[in-house]
Ligand SMILES: NC(=O)c1ccc[n+]([C@@H]2O[C@H](COP(=O)([O-])OP(=O)(O)OC[C@H]3O[C@@H](n4cnc5c(N)ncnc54)[C@H](OP(=O)(O)O)[C@@H]3O)[C@@H](O)[C@H]2O)c1
């Protein structure tokens with residue numbers, strides 16, 4: 001007997017947004033340690049289009065066809081063998097190793113946490129990717145301390161919005177860059193100073209910061225080196241920083257790749273506590289239907305916007 005079908009987006013070969021194919025495929029079955037989730041919303045990360053284009057082949061090779069999507073929110077419909085602490089009907093959010101651009105997914109239960117009731121599914125689907133990366137860059141690689149002056153480049157993006165708030169929670173003085181359209185929004189996240197990168201060269205208004213967190217990359221990296229104090233730290237997540245130039249200027253630089261070393265089952269509930277105490281607000285960017293996934297990827301590839309783009313699936 002064949003399994004019931006579901007709608008999913010699959011990629012059959014590396015290439016542009018046209019490689020995102022809307023298909024009917026068999027629903028997966030939960031294996032040991034997994035739960036079977038009806039997907040309500042999936043986050044659209046820049047990583048998704050970078051993988052689709054084949055830019056991540058060296059680090060994250062894909063077997064075709066694959067379903068994209070690394071963050072999910074939905075409702076558990078069934079429990080696989082060996083799972084405890086979760087039940088059918090429970091609303092959850094978190095990461096996936098399988099691909100969230102689908103009506104249903106099987107996920108290792110250790111990658112999920114209970115969705116806070118105060119968040120919509122779309123909001124919950126934006127948390128995992130950004131927060132895990134910001135946490136690693138700021139606290140594990142950057143060792144950010146209370147009172148330090150931190151510049152965040154790309155503060156309006158899916159990672160940046162969480163980085164601003166996590167840094168404020170830690171007690172840092174946060175300076176953030178964004179375009180004109182996002183100035184008031186980034187201020188509302190708690191940034192102490194917001195600089196419009198479209199009108200103001202950052203090097204004219206900022207100097208001697210302790211750390212730069214760069215979520216833009218490319219030409220901003222030169223600005224980062226210029227505004228750091230001697231001995232300061234540049235943590236880039238977008239593109240590798242110029243290590244030799246950093247050394248010549250007497251600052252540390254590193255490319256922070258991947259997510260926090262804390263297990264998701266530890267970090268996700270911690271993030272939920274920060275949300276419930278009002279330290280962390282989540283920001284949904286544009287919302288698309290599953291069938292509009294190509295448009296969602298085109299927008300993500302533009303490199304501009306506010307918060308995390310989401311596919312609303314159920
Ligand atoms: N190393 C890792 O493990 C890792 C993990 C996750 C993400 N990343 C990378 O980190 C980058 C950011 O990810 P994301 O999810 O936050 O991307 P995103 O949601 O697409 O956001 C990009 C943001 O950058 C802002 N921006 C563009 N040009 C800017 C500039 N010159 N100065 C200041 N801000 C600028 C845009 O704001 P405006 O609209 O206001 O311009 C936009 O909000 C991506 O390249 C992504 O691939 C790396």
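From the set of residues in the range 283-300 that are modelled with pLDDT of 95 or more and under 14 Å from the mean Cα position of the chain (by Cα), which is farthest from the ligand (Cβ to nearest atom)?
284
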Exercise for the section: Go through the range 297-314 and give me each residue that's under 16 Å from residue 51 (Cβ atoms) and either outside the structural domain of residue 100 (by TED's automatic domain parsing) or not in a helix (DSSP H, G or I) (or both). Expected result: 309, 311
Exercise for the section: Among the candidates 158, 190, single out the residue that is surrounded by fewer than 18 Cβ atoms within 10 Å (Cβ to Cβ) and more than 16 Å from residue 234 (Cβ to Cβ). Expected result: 190
Practice task
Assess whether residue 28 counts as being within 16 Å of the ligand (Cβ to nearest atom) and within 25 Å of residue 12 (Cα to Cα).
Solution key: no
Completion exercise
Considering the range 193-214, residues that are part of a strand (DSSP E or B) and buried (at least 19 other Cβ atoms within 10 Å of the Cβ), and then whichever is farthest from the ligand (Cβ to nearest atom), we arrive at 210
Practice task
Would you point out the residue of the range 215-229, among those that are outside any loop (DSSP other than H, G, I, E, B) and within 15 Å of residue 150 (Cβ to Cβ), that is nearest to the ligand (Cβ to nearest atom)?
Solution key: 220
Handout entry: Residue check for residue 232: within 16 Å of the ligand (Cβ to nearest atom), part of a strand (DSSP E or B), surrounded by 15 or more Cβ atoms within 10 Å (Cβ to Cβ) and modelled with pLDDT of 95 or more
Key = no
Handout entry: Within the range 137-163, tally of residues that are more than 10 Å from the ligand (Cβ to nearest atom) and in a loop (DSSP other than H, G, I, E, B)
Key = 7
Exercise for the section: Within the range 101-109, identify whether any single residue is part of a helix (DSSP H, G or I), modelled with pLDDT of 95 or more and either more than 24 Å from residue 13 (Cβ to Cβ) or not assigned by TED's automatic domain parsing to the domain that holds residue 14 (or both), and answer yes or no. Expected result: yes
Exercise for the section: State all residues of the range 69-90 that are assigned to a loop (DSSP other than H, G, I, E, B) and touching a residue at least 60 places away in the same chain (Cβ under 8 Å); if no residue qualifies, say none. Expected result: 69
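The values are calculated or read from the model by the stated rules, or taken from the named source; none is laboratory data. Predicted model only: the values in this text are computed from it and were never measured. Every residue, glycine as well, gets a Cβ built from its backbone with ideal geometry; the counts of neighbours run over all protein chains shown.
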